[in-house]
Amino acid sequence: MVGHNIVAAPGIPAAVAPPKKGTLRRIARRRSTLAFLMTLPLIILIVGLVAYPFFYALYLSMLNKRMTSFIGLDNFAFLLRRETFQAVIWQSVIFAVGAVIAKALIGFILAHVLHTLPAKGQKKWRGMLLVPWVIPPAISTLAWWWLFDPSYSAINWLLMTVGVPSVAWLGDPNWARFSVILVNVWYGAPFFMIMYLAALKSVPDQLYEAAAIDGATGWQKLRFVTFPMMRNIIAITVLFSLIVTFANFDIVRILTNGGPQDATHIFGTYAFQVGIQSGDIPLGAAVSLFIFPILAVFSVFVLRGVTKRVRETAG
Amino acid sequence: MNRTLVATGAATAPSRRKIGSIKQERRWALIGAYVALAVFVVFFLTPPFHMLVTSLKSSAEIADFGSNPWTVRSPTLENYRDLLTQGNYVLHFRNSMIVTLSVVVITMVISTLAAFALSRMRFWGSTALATGVFLTYLVPETLLFIPLFQIIGGAGLYNNLFAMILIYPTLTVPFCTWIMIGYFSSIPRELDEAALIDGANHFQMLWKIFIPVALPGILAAIIFAFTVSWAQFLYPMAFLVSSDQMVLTVGIVSDLIRADTFQWGKIMAGALMAAAPPLLVYAFLMDYYIAGLTAGATKS
């Protein structure tokens, strides 16, 4: 009976049942020691390679270029005054917000369209639509780079055969901004699609049947049944994608390397150029720390969404 | 909201034509669905298709302005042959494999143990740790690569493949732990009890019950760790400089672009072969992965 008790309430018998025997308390203590040991590698990893580097970044960002003296927030002040960096902030916002809106819309449309298909064909189409997301972006962006090539662009070849003048995809600042967003949307839309598809499948059919009996049109079903049921997933996916897209590196680095005239630099690529390529580690650390406020704000909301979701499904 | 639904329903419900129009509406919806799908499939598959076409061309054909970039006149495998017989491509492939497989193993050990402890043994700070794990998952690599550059340099691991094996787990472990906590928590506690009554210790319980029962979740975690390690670009870009230490994502570009000569045929062939392992993994295990991934957000 005593043994059974320990099992039924793991970890807390010491707190719930007043421990009459010393063995009981010892078991509880041993169990938590064991649990601690099992999580120790995880804790070491998080503390040593995530938390420590983060605080080290804060420290680095307050040094001068040669890392010989402490200059407080001068690096941040310098960056904010610099026109190039102001442009980087704007470009990061345009890039992330533009790409996430497009990804969310396309993902939603595709998920909805897939959901209407009969189950048999669905898997085949889904497989094809997931290809962009399966290929590592650093690899697939090479294909886009080649498609956008100034003299051999295969897209321009198509445009010219239909009589449209060719486009300087990566040479003109605005087209370059468009191109990096396009590639990001191409890569990221399938992720939204599978998240939304999973959410759509979790909406009970009875709700749609009830709506149909009430005579709801397709749009009304979408507006009053699908959206409210998916709101949380949409929010989580959008916020998560905003974080990831703000912190993007691969696509811009390969496609334009920030050019032309720094028009497509975002935080990640600019930090790389300043910190690693130009060797100004402190300034580079300051640039990448600008990602942190965005991360902090959005992750609070993501976490709230996730815990809410967990509670909903648990209860 | 309800009122509008009822009102429109009352107006149209009694007519008989409605049934036919629903059928027709559905047919049009299905046609619209296929059109939309076709458009997006073309958009999504164009780059890989063009990759394949280019990889099968000789340099002369690629450079010929008169030829159609979307078709091959005289297909050849010389790009593939060259990559596999000369240069460092095979080495990069091997490096990618070494890093990825090591990271998958390390990740699975760390996160299985942690997920087991976090899902079954409540201890002081365990909830905070679970939250911390999730938050770590959200930390992007672009935020930390500069301090890590200094740390790696200080540890004497700059331009060393093993630095990747050390750092990549920060990107894979948090999410893998998170999905496995979800899977482990869904295992009924009666199974633990049965095992404990039979005299099993915690490690036997983990090995003989949790891992077999949560196998779909473990597969999803392995695929995630594999994908992330195989695709990682920023860290090798920042920490690896010599070709013999490079992994595929940085190696292809660094070796095949010399000054202004782009060997596009070889670049595309190399890219296609680099994309093959994840494509194969997904072709066979897609369902497990999607189930694990979406469970993290929809059910957990």
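Computed from the coordinates by the stated procedures, all read-outs in this text should not be read as laboratory data. No experiment lies behind these values; they were computed from the predicted model shown. All Cβ positions, glycine included, derive from the backbone under ideal geometry; neighbour counts span all protein chains shown.
Would you kindly work out the equivalent ellipsoid of the range B:167-300 from its C-alpha gyration tensor and give its semi-axes, the square roots of five times the eigenvalues, largest first in whole Å?
41, 15, 12
Please give me the summed charge of the neighbours of A:Arg66: other residues whose Cβ is under 15 Å from its Cβ, Lys and Arg +1, Asp and Glu -1.
Cβ neighbours under 15 Å give a net charge of -1.
I'd like the mean, over residues of A:48-58, of how many other protein chain beta carbons sit within 10 Å of each residue's own Cβ.
Shielding by partners across A:48-58 averages 6.
Positive end of the charge dipole of chain B (Lys, Arg +1 and Asp, Glu -1 on Cβ, about the Cα centre): tell me which of B:Val133, B:Tyr288, B:Phe116 has its Cα farthest that way.
The one lying farthest along the dipole's positive direction is B:Tyr288.
May I ask you to sort A:Val97, B:Val247 by Cβ crowding, counting other Cβ atoms within 10 Å and putting the fewest first?
Result, fewest neighbours first: A:Val97, B:Val247.
Give the share of C-alpha pairs in each 10 angstrom bin for the protein assembly as shown, from 0 to the last occupied bin, in whole percents, shortest bins first.
So the P(r) values, bin by bin, are 3, 14, 23, 24, 18, 11, 5, 1, 0, 0.
Could you give the dipole magnitude of the range A:80-314 about its Cα centre, charging the beta-carbon of Lys and Arg +1 and that of Asp and Glu -1, in debye to the nearest 20?
700
Can you give the local net charge around B:Asp198? Use residues other than it whose beta-carbon is closer than 13 angstrom to its beta-carbon, Lys and Arg +1, Asp and Glu -1.
-2
Which shape class applies to chain B: rounded if a/c is under 1.5, otherwise prolate when a/b exceeds b/c and oblate if not, where a ≥ b ≥ c are the square roots of the Cα gyration tensor eigenvalues?
Note, shape of chain B comes out oblate.
Once the convex hull of the alpha carbons of chain A is built, what does its volume come to per residue, in cubic angstrom?
Expressed per residue, the convex hull around the Cα atoms of chain A is 226 Å³.
Taking amide H positions as placed in the peptide plane 1.01 Å from N, state which residues far from A:Leu63 in sequence (5 or more) or on other chains have amide H under 5 Å from it.
A:Ile71
Counting other C-beta atoms within 10 Å, which of B:Glu190, B:Glu141 has the fewest, and how do the rest follow?
If I rank by nearby Cβ atoms, fewest first, I get B:Glu190, B:Glu141.
Filter chain B for me: DSSP H helices, axial length by Cα at least 18 angstrom, mean Kyte-Doolittle hydropathy not below 1.0. List them by residue number.
For chain B, where a helix must reach 18 Å along its axis and average at least 1.0, the hits are B:89-120, B:126-138, B:141-154, B:169-185, B:215-231, B:264-298.
So how far, in whole Å, is the C-alpha centre of the range A:125-156 from the one of the range A:244-315?
If you average the Cα positions of each part, the centres end up 23 Å apart.
Compute, for the protein assembly as shown, the length of the dipole vector about the Cα centre, with Cβ point charges of +1 (Lys, Arg) and -1 (Asp, Glu) only. Units Debye, rounded to 20.
2260
Rank A:Phe267, A:Phe224, A:Tyr187 by how far each Cα sits towards the positive end of the charge dipole of the range A:80-314 (+1 on Lys, Arg Cβ; -1 on Asp, Glu Cβ) and give me just the farthest.
A:Phe224
Tell me whether the range B:232-289 comes out rounded, prolate or oblate; compute the Cα gyration tensor, take square roots of the eigenvalues as a ≥ b ≥ c, and use a/c under 1.5 as the rounded threshold.
Because a/c hits 1.5 or more and a/b fails to exceed b/c, the range B:232-289 counts as oblate.
Assign unit charges at the C-beta atoms only (+1 for Lys and Arg, -1 for Asp and Glu), then state the dipole size of the range B:87-298 relative to its Cα centre in Debye, rounded to the nearest 20.
100
Counting only helical runs of four or more DSSP H residues, what would the 222 nm mean residue ellipticity of chain A come to if each run contributes -39,500 (n - 2.57) and the total is spread over all its residues?
Rounded to the nearest 500, the figure is -22500 deg cm²/dmol.
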